[in-house]
Amino acid sequence: MTPAVNLDTRRLAIERLRTETFDVLILGGGINGAGTARDLMLRGRLNVGLIEQNHFSSGTSGKNSHLIHGGLRYLKQLDFRLVREALHERAVLLKIAPHLVEPQPFLMPLAGFAKSLYYNLGLTIYDLFDGSGAVPRHRRVSLEEVRKLEPGLAAPGMTGAAEFYDAQVRSARLVLENIFEALRNGAACANYVRAESHTRDEAGLWRVQLRDSISGERFETRARALIDCTGPWARDPAPRLVRGSHIVMPRLNHSGHAIAYFEESGRIIFFIPWGERGDRTLIGTTDVDHDGAADDVHISEDETRYLRNIAARIFPASAKLEPVATFSSLRPLLESHASATKATREHHIYRDSQGIIRVTGGKYTTYRAMAEEAADLVVPPELRDVHLTATTALNGNTPDAIQALLTEAPALSARYGVAETEIIMLVHQYGVLTTAVLDYVETSVDAARLIFATRHEMAIEPKDFLEVSTSLGYEGAPLPRAIA
């Protein structure tokens, strides 16, 4: 497949923003904005624009726990509707984006008969709420088997564990893939374009003042409808901002299992086998109300200490290691009086008093359903029941196509002179565009990916490559040298 983006894509999108009147203009290029653009373009007969003030997925959407999950802690809080919806979406995403969303086995350490009974009952309900058969059902794991799987695991009082499944995701790349499919179907999507103000004229058109952050140029675009997907940057009303932070450690997990540990406050902490080449462990997350600006987000000393203390309790060997990276992001939640940990993850999508569609709250896992709900509010009646995103493979990445690429890995390895493990890594990052990336290989795979990102993913700044196109920046890796 030919990439949807080339060196002219951003320039042409800005030219369209300057000259055309759009049916819908989407503000924000995180997962909700990207998913909504994809949804609208699959319905057809619509002129859609999307702008993002930085790079696509450079905010909350690319700095989460990188999981597609039902949310065990929401089950514990008896939020059954949210869990059921999230598990349904998990099954959908495993099917439509198999290169980026993969089943992830977890071990949940259990201490004593009572807790074993309690959590196994909860996991039975979790399995029943899914019902799709997309992942295996949970099972009990003896202490002996736990020791074989994870010899370094030392959860206090552990008498065994439960094995269950959720899914891991390359979060930022899933956003990019939604953007790319929207572009392929005719949307005008531009990064590093900021909306500075908006008014409605006498004809009912929105006139939005934009600024190109790269050139500094200011210009106006017009749209019949606006959808605000700006998340933490939203205003009128502003969301409740809860900061989630993670630390990245050298690999602690011995097996391919992640660890899900419920600590005393009821917060669940994950230890996820992570990194593009599997040599890291991602630990998180925290829940802290954020009082600062949405542009100023970083892990605090308290959060670092908290995560390191839990890590030392669960994997004692981690006490002698230092994090290779950290990252933090803001969850834009609905207002509530609950603690940051227990604050609702429900979403609210509505038309405000000005007529702007507001997408507020929610979870990354449920973005596709949220995008569909937002799109329903702006499309003409004849397109309101056209719902294709749950059955259309993302950018042609069908399970069969991905399996064919994985089967072809030895042949691709020989053809391009690249290790088979690297081919497999690329398939799980780029799917059907794997060979398009390999065509740039001269010195190394990562150098080829850097060239590909600048030419075919609108990466402009180094961090766009290190934190969005790849996760290398969060793995302690430097920017590779590329021969353009």
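Give the stretch 407-436 a look and list any residue that's among the hydrophobic types (A, V, I, L, M, F, W, C), in a loop (DSSP other than H, G, I, E, B) and touching a residue at least 24 places away in the same chain (Cβ under 8 Å), or say none.
Hit for the stretch 407-436 is 418, nothing else.
Inside the stretch 349-405, can you point out the residues that are within 18 Å of residue 68 (Cα to Cα) and modelled with pLDDT under 95?
361, 362, 363
Considering every residue within the stretch 437-450, establish whether at least one is part of a helix (DSSP H, G or I), at negative phi and in contact (Cβ under 8 Å) with a residue 60 or more places away in the chain.
No, the stretch 437-450 contains no residue that is part of a helix (DSSP H, G or I), at negative phi and in contact (Cβ under 8 Å) with a residue 60 or more places away in the chain.
Could we say that residue 171 is in contact (Cβ under 8 Å) with a residue 12 or more places away in the chain and within 20 Å of residue 466 (Cα to Cα) here?
yes
Collect the residues in the stretch 359-391 that are closer than 20 Å to residue 329 by Cβ and not in a helix (DSSP H, G or I), keeping them in residue-number order.
359, 360, 361, 362, 363
Within the stretch 454-474, track down each residue that is part of a loop (DSSP other than H, G, I, E, B) and buried (at least 19 other Cβ atoms within 10 Å of the Cβ).
Correct list: 457, 458, 459, 470, 471.
Any residue in the stretch 278-305 that is crowded, with 19+ Cβ neighbours inside 10 Å sitting within a Cβ distance under 7 Å of a residue that is of a type in the set (Asp, Glu) and not in a loop (DSSP other than H, G, I, E, B)? List the pairs, counting only those 6 or more apart or interchain.
286/303; 288/303
Look at residue 367 and say whether it is of a type in the set (Phe, Trp, Tyr) and within 23 Å of the chain's Cα centre (by Cα).
It is true that residue 367 is of a type in the set (Phe, Trp, Tyr) and within 23 Å of the chain's Cα centre (by Cα).
Every residue in the stretch 126-143 that is in a strand (DSSP E or B) and within 19 Å of residue 103 (Cα to Cα), please.
Scanning the stretch 126-143 gives 139, 140, 141.
Confirm whether residue 376 is surrounded by fewer than 18 Cβ atoms within 10 Å (Cβ to Cβ) and in the same structural domain as residue 227 (by TED's automatic domain parsing).
So residue 376 fits the description; yes.
Applying the selection to the stretch 1-33, what residues are closer than 21 Å to residue 384 by Cβ and among the aliphatic types (A, V, I, L, M)?
24, 25, 26
Step by step: first the residues of the stretch 168-223, then only those that are touching a Ser or Thr at 6+ places or on another chain (Cβ under 6 Å) and among the β-branched types (Val, Ile, Thr), then the one that is farthest from residue 100 (Cα to Cα). Which residue is that?
Only one residue tops the list, namely 208.
What number of residues in the stretch 262-302 are within 24 Å of residue 70 (Cβ to Cβ), modelled with pLDDT under 95, out of contact with any Phe, Trp or Tyr (no Cβ under 6 Å at 6 or more places or on another chain) and not in a loop (DSSP other than H, G, I, E, B)?
3
So, residue 289, is that one of a type in the set (D, E, K, R) and more than 26 Å from residue 76 (Cβ to Cβ) or not?
no
Within the set of pairs 6+ apart or on separate chains, which have a first residue in the stretch 381-397 that is β-branched (Val, Ile, Thr), a second that is at pLDDT below 95, and C-beta atoms under 8 Å apart?
386/44
Based on this model, can you work out whether residue 366 counts as in contact with a strand residue (DSSP E or B) (Cβ under 9 Å, 6 or more places away or on another chain) and either surrounded by 21 or more Cβ atoms within 10 Å (Cβ to Cβ) or in the same structural domain as residue 22 (by TED's automatic domain parsing) (or both)?
Here the answer is yes, as residue 366 does meet what is asked.
Just need a number here: residues in the stretch 205-219 that are part of a strand (DSSP E or B) and closer than 9 Å to residue 193 by Cα.
Looking only at that region, the number is 3.
The values are calculated or read from the model by the stated rules, or taken from the named source; none is laboratory data. In this text the structure is predicted, and so the values were computed from the model without any measurement. Neighbour counts are summed over all protein chains in view; Cβ atoms, including those assigned to glycine, are modelled from backbone coordinates with ideal geometry.
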